[in-house]
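Have a look at the structure below, then the notes.
Throughout, read-outs are computed from the coordinates displayed, never taken from laboratory work. Computed from a predicted structure; not experimentally measured. We place every Cβ from the backbone using ideal geometry, glycine too, and count neighbours over all the protein chains shown.
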Amino acid sequence: MVDRTESVQFHHVGLAVRRPTDLWPVMAGVLGGQFVSRGSEAGYGWTRLRFANGFILEGVHPEGDGRSDFLERFLQRSGVGPHHLTFVVDDLADMLDALREAGYDPIAVDLDNPVWQEASLHPDQAHGTVVQLVQDTGTPPEPLPEPEGFPEFEYDRPVAALGRVVHAVKDLQGALALYRDVLGGRVVSTGSAIDGNHWVELGWGGPGRLRLLEATHAEIADWVGDRPGRTRHLFFSFDEPEYVPGVRKVASGRWVVDPDEVLGTRLVIASSAR
């Protein structure tokens, strides 16, 4: 196993949304995500928000320009919700060699641009989610300004930290073979949930954390169904969780927002108040 802890960064988690403004009400207006960037490519656009610990949430939405309809097809099939995990790597060609040697088949490989190269892993091989791999060696473009109407950021109000992405997988050891052994995640912690499912949390050279949660027992196994995995929730720390729309308290210091309440994505929120 090659040590890639410092050469790979878990950069962001992506949600499929219908409009670029869909992230704003809860993710920016309530949880305080700060605008980072926005842009567009063939058939889709994106908006990125950064949270208090530096981790990034990206909303991707269809542009409807006819050049590519992959995101529209995803929304028709699965609805809004978790779409991809993005890792920035120092050497994409080396990473692709490592993946192929380990038996994976990268797709959408684009090495033509010397300053921006990317590839992906299909959810069937990445345990239920798209994995995007990016090498970016170019000078960052001049950032676009905040879009008109974006919620104003007040520095004296509570701001959430997006601590980790929790991804449920049927084959925990197989998922570790990818995310730990090839992508270079270091084991931060391990444990067992109250339903008997084990988990392993991984970290890279940045704030992003990925908790791989075994989905072989009880309700979570039924929820994953016949898929190889599903993103279970985003975990936030926040001073005032009771103000998040649709939130319900489930334990001391712990709140949950169900997927139907916000962008098809379950949120688990721990109070960060002292």
Within the chain, excluding any GluC sites (Glu not before Pro) found in a DSSP loop (not H, G, I, E or B) and having at most 15 other Cβ atoms within 10 Å, the longest uninterrupted segment runs 7-147
Ranked from fewest to most other Cβ atoms within 10 Å of their own Cβ, Met27, Met95 fall in the order Met95, Met27
Once amide hydrogens are built 1.01 Å from N within the peptide plane, the residues lying 5 or more places from Leu31 or on another chain with amide H under 5 Å from its amide H are none
One computes Rg over Rh for the range 161-271 from alpha-carbon atoms, with the Kirkwood Rh, and obtains 0.97
With +1 on the Cβ of every Lys and Arg and -1 on the Cβ of every Asp and Glu, the dipole magnitude of the range 161-271 about its Cα centre, in debye rounded to the nearest 20, is 320 debye
The farthest towards the positive end of the charge dipole of the range 161-271, of the residues His233, His198, Gly184, given +1 on Cβ of Lys and Arg and -1 on Cβ of Asp and Glu, is Gly184
The residues Arg73, Arg186, sorted from fewest to most surrounding Cβ atoms within 10 Å, come out as Arg73, Arg186
Charge tally for neighbours of Thr265 with beta carbon under 12 Å away, counting Lys, Arg as +1 and Asp, Glu as -1, is -1
If amide H atoms are modeled at 1.01 Å from N in the peptide plane, then the residues at a separation of 5 or more from Gly45, or on another chain, having amide H under 5 Å from its own are His61, Glu63
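When Tyr44, Tyr243, Tyr104, Tyr179 are ordered from fewest to most other Cβ atoms inside 10 Å of their Cβ, what list results?
So the residues, fewest neighbours to most, are Tyr243, Tyr104, Tyr44, Tyr179.
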Under the Karplus relation with 6.51, -1.76 and 1.60 and θ = phi - 60°, whole-Hz ³J(HN,Hα) for the range 77-88, x at Gly and Pro, equal 7, 10, x, 5, x, x, 10, 8, 10, 10, 10, 9
Measuring from its Cα centre, the chain shows a charge dipole (+1 at each Lys and Arg Cβ, -1 at each Asp and Glu Cβ) which, in debye to the nearest 20, is 860 debye
Checked against the positive end of the charge dipole of the range 1-148 (+1 on Cβ of Lys and Arg, -1 on Cβ of Asp and Glu, about the Cα centre), the farthest of Thr86, His127, Gln34 is Gln34
Residues whose modelled amide H sits under 5 Å from the amide H of Val8, counting only those 5 or more places away in sequence or on another chain, are Gly205
Check: C-alpha center the range 166-226 vs C-alpha center the range 105-134, spacing in Å is 21 Å
